[in-house]
Amino acid sequence: GTITDLLPQSQLVVIDYEDIIPYPLSEAELRERIFAARIHECSSQDFAANPDRYLRGLGSTLAGKILSVPENFCVAFVSYSGGTGRTTIALDTALHYRAVIKQYREKHKKEVQLKEQVPDTPPLLIEVAFGASSLAALTGLDMPQLYQLATDPDIPAMTLKDVTLVPMDYDHVRMLSRDLLERYLNRVMSKHSLTIIDSVWPTDLVRSFKDRVNLWVVVASERMDTIANARKLYTELVQEYGDERVWTLLNQTVQEKGKRKKSE
């Protein structure tokens, strides 16, 4: 019974029928349901002998299939150190997510359940910084910033390629009450399927959004000081949120002759 419940979310079944207790379904009924679900299957012995064969060949019917997108998901890129490329990574992540969703929706636009599975909502990028906005400097855009957006509901946030941008000027934002900031962030994040947060660490503003973060990504560059700081921050976050919700990211993009070049 449990196996059949999992079939709608599966692309490959690795199963040894001789080890399955035939209850509440017989072996024949279980085989029939797996076949009807059009899911590839193999034995554990065959899979162990050549896993790449089965993983590469995931399905003519379900390969590349987006089964669902969370209604609201939040990823926070954080670092103790500056100069790690955190803002660029955060922006690139939001832009890439939006491009993938748009491409997928166009390819599968005739499917009835597309709207429910993959909502057409733009990602949101929120900057939490000390001093002037790195996001504004990176994009070159003159944008309404967090203080203005939180205090004046008539001011719309600017978008870049369907990504909603909320840059921050710390000198103004620190004058906001925590309650006002939390209410604004809750309101705007609830309207987006994905929120990307670009944040320095530590900051007292983290209290306004930390409970909504699903994944913390600690960013370091190839500088040894950033790697040491990332290890410390990773340990700190794991103690509070657990290792399943905290990742580390080593940014290997380097500056060479005025151009950005990816080393790996």
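The values are calculated or read from the model by the stated rules, or taken from the named source; none is laboratory data. In this text, all values refer to a predicted model and were calculated from it rather than measured experimentally. Note: ideal-geometry Cβ built from the backbone for every residue, glycine included; neighbour counts use all protein chains shown. Note: areas computed on protein heavy atoms with side chains; ligands, DNA, RNA excluded. Shrake-Rupley method; radii C 1.70, N 1.55, O 1.52, S 1.80 Å.
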> How many residues are at pLDDT below 80 and in a loop (DSSP other than H, G, I, E, B) when one looks only at region 100-126?
Replying inline: 8
> Which of the residues spanning region 16-43 are part of a loop (DSSP other than H, G, I, E, B) and either under 19 Å from Tyr54 (Cβ atoms) or of a type in the set (A, V, I, L, M, F, W, C) (or both)?
Replying inline: Asp16, Ile20, Ile21, Leu25, Ala37, Arg38, Ile39, Ser43
>> Could you tell me how many of the residues in region 174-207 are open to solvent by less than 10 Å² (accessible area, probe 1.4 Å), within 24 Å of Ser81 (Cα to Cα) and either of a type in the set (Gly, Ala, Ser) or out of contact with any strand residue (DSSP E or B) (no Cβ under 8 Å at 6 or more places or on another chain) (or both)?
In response: 1
> Hey, among the residues in region 223-236 that are farther than 17 Å from Ser199 by Cα and touching a residue at least 40 places away in the same chain (Cβ under 8 Å), which one's least open to solvent (accessible area, probe 1.4 Å)?
Replying inline: Asp225
> For region 138-159, what are the residues that are open to solvent by 50 Å² or more (accessible area, probe 1.4 Å) and under 17 Å from Leu95 (Cβ atoms)?
Replying inline: Leu138, Gly140, Leu141, Met158, Thr159
